[in-house]
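The values are calculated or read from the model by the stated rules, or taken from the named source; none is laboratory data. Just so you know, these numbers come straight off a predicted model, no measurement behind them. Don't worry about glycine lacking a Cβ; one is built from the backbone with ideal geometry, like all the others, and counts go over all protein chains shown. All accessible areas refer to the heavy atoms of the entire protein, side chains included, with ligands and DNA or RNA removed. Shrake-Rupley method; radii C 1.70, N 1.55, O 1.52, S 1.80 Å.
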Amino acid sequence: MKYFLDSAKLDEIKLAYEQYGFDGVTTNPKHIMASGKPFMTAIKDIAAYVADKPDFPVSVEINPHLDNADDMVKMATDISALSSNFVIKIPTNKEGIKAARRLEHAGIRTNMTLVFSPAQAIMPGKLHAKYVSPFVGWKEDYGDDGMNYVKDVVDIYRNYDFDTEIIVAAIRNAKQIQQAAIYGADIVTCSLAVYENSFYNPYTDLGLQIFQDAWDHTETGD
Ligand code: E4P
């Protein structure tokens, strides 16, 4: 399973790549806002950092106000030219699907985002998008099924051998990470805090204390 960092903060991206060996990055307008930098500054800074990391993809989302395929294709093409690492996030709606088909035919890789149902996930597979991003947290925030439909997406992609990779997105906790892995999704993306929470378990601390006591007894005889 690949781990993508869900952030546009350069310090977090560096830590994720250099300390944890994570596999890529996803950004969105919320993450760009959290970076505190203007959009172009934030993505150019990331582009500079990943310039010597050809196998470290970075998803960059187009302006969410764009409502037609022509404008989406134009902005996606401009962003893509900034870095060969960039994969362009396109909303999974009518205009976004038209735009993504044209971009993929032009060799510009896309991440079809804002997916919330198995039905929505089919066209990204048919148009050979590089990624499809079904969201979990946003649905669960409102009491809807978050994870179960992801299993359906994985099953559909297996049924038709789609080559699009599934990124389970908007992940809020370790249970969702492990469930995505159990379902067989290709990638999860979430914040550094959620990943680091998933590395922790109170029994590990308890076990360390037990081993420390044993170590000390061995060393000191006490
Ligand atoms: C990733 O590609 C998504 O944009 C992101 O996971 C959305 O969820 P968020 O609300 O946690 O940013």
Practice task
Look at the range 117-131 and say how many of its residues are touching a residue at least 12 places away in the same chain (Cβ under 8 Å) and more than 17 Å from L103 (Cα to Cα).
Solution key: 5
Practice task
Would you please name the residue that is most open to solvent (accessible area, probe 1.4 Å), looking only at residues in the range 144-170 that are outside any helix (DSSP H, G or I), closer than 29 Å to G107 by Cα and within 15 Å of the ligand (Cβ to nearest atom)?
Solution key: E165
Practice task
Search the range 61-70 for residues being open to solvent by 20 Å² or more (accessible area, probe 1.4 Å) and not in a loop (DSSP other than H, G, I, E, B), and hand back the single one that is nearest to the ligand (Cβ to nearest atom).
Solution key: E61
Fill in the blank from the handout: Reported set for the range 36-60 where residues are crowded, with 22+ Cβ neighbours inside 10 Å and among the polar types (S, T, N, Q) is S59
Problem - Selected residue (criterion: farthest from E61 (Cα to Cα)) from residues of the range 126-143 that are more than 10 Å from the ligand (Cβ to nearest atom) and part of a loop (DSSP other than H, G, I, E, B) - result: G143
Problem - Matching option when the condition is within 16 Å of the ligand (Cβ to nearest atom) and touching a helix residue (DSSP H, G or I) at 6+ places or on another chain (Cβ under 8 Å), among F86, F4 - result: F86
Problem - Only listed residue being exposed (fewer than 15 other Cβ atoms within 10 Å of the Cβ) and out of contact with any His (no Cβ under 6 Å at 6 or more places or on another chain), chosen from S80, S117 - result: S117
